[in-house]
1. Could you give every pair whose Cβ atoms fall below 7 Å, whose first residue belongs to the range 53-72 and is farther than 17 Å from ARG38 by Cα, and whose second residue is open to solvent by 30 Å² or more (accessible area, probe 1.4 Å), counting only separations of at least 6 or pairs across chains?
2. Just give me the residues in the range 90-101 being surrounded by 12 or more Cβ atoms within 10 Å (Cβ to Cβ) and assigned to a helix (DSSP H, G or I), in sequence order.
3. Scanning for something more than 18 Å from VAL27 (Cα to Cα) and over 16 Å from the mean Cα position of the chain (by Cα), does the range 55-74 turn up at least one residue?
4. Please return the ranges of helices (runs of 4 or more DSSP H) entirely within the range 1-70 where 2 or more residues are among the charged types (D, E, K, R) and open to solvent by 60 Å² or more (accessible area, probe 1.4 Å).
5. Across the range 102-129, what is the number of residues that are at pLDDT 95 or above and either over 13 Å from GLY36 (Cα atoms) or open to solvent by 70 Å² or more (accessible area, probe 1.4 Å) (or both)?
6. So, in the range 133-146, exactly how many residues are within 13 Å of the chain's Cα centre (by Cα) and surrounded by fewer than 22 Cβ atoms within 10 Å (Cβ to Cβ)?
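The values are calculated or read from the model by the stated rules, or taken from the named source; none is laboratory data. All values derive from a computational prediction rather than experimental measurement. Cβ atoms come from the backbone with ideal geometry, glycine included; neighbour counts cover every protein chain shown. Calculation scope for accessible area: heavy atoms of the full protein, side chains included, ligands and nucleic acids excluded. Shrake-Rupley method; radii C 1.70, N 1.55, O 1.52, S 1.80 Å.
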Amino acid sequence: MNYWVERLKPAVSRRTQLLLAAVMWTVVGALLFYFGSRWVLRSATSYAVLQVVAAAAVGAVKARLVLDRAAGRIVERIQVRGDGRCIGGFLSLKTWAVVVLMAGTGRLLRGGLLPRHLVGLLYTAIGAALLFGARNFWRAWHGETT
C-alpha cells in the first residue's frame, strides 16, 4: 500500500514548494489587506486612512517579530525535505491546522462577532504582516533560481 501512496502523491521540487509558500502568503495577505482596509475606509470615520496606515505598521512589526521566524522555519523545512516531496508538505500538519483555525476564526469574526470596522483593522494588520513576511519565501525561491 505504501507503494501506491508514493506513486500517486503529487510530488514537486523544493523550488516549487518555495514558490507555493510565497504565493500563498502573498495572495492571502493581499486579500486580507484589501478587504480589511476597504472595510475600515468605508466606516466613514475621519481617521480611517490613518487607522489603515497604523494597522499596516502594526502588521509590519508583527512580521518582523513573529512571522519572519515562522517563515524561516518553513523555508528550512522545505530545504531539508528536498525535492520530490508531496506538494502540500511545504507546511507541517501542525501549521496546516493553524491555517484552518485562523480561517475559521476569520469566518466567525466576519459573521458578526465584532463590528466590521474592528475586523477590518485586524484583517489589515494581518494582511500587511503576511505580505511583509512573504518576502522570506520570495528570497528563498529566488535563491533557488540563481
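1. ALA60/PHE132; ALA63/PHE132; ASP68/ASN136; ALA71/ASN136; GLY72/ASN136
2. Scanning the range 90-101 gives PHE90, THR95, TRP96, VAL98, VAL99.
3. yes
4. 2-8, 14-41
5. Total satisfying the criteria: 1.
6. 2
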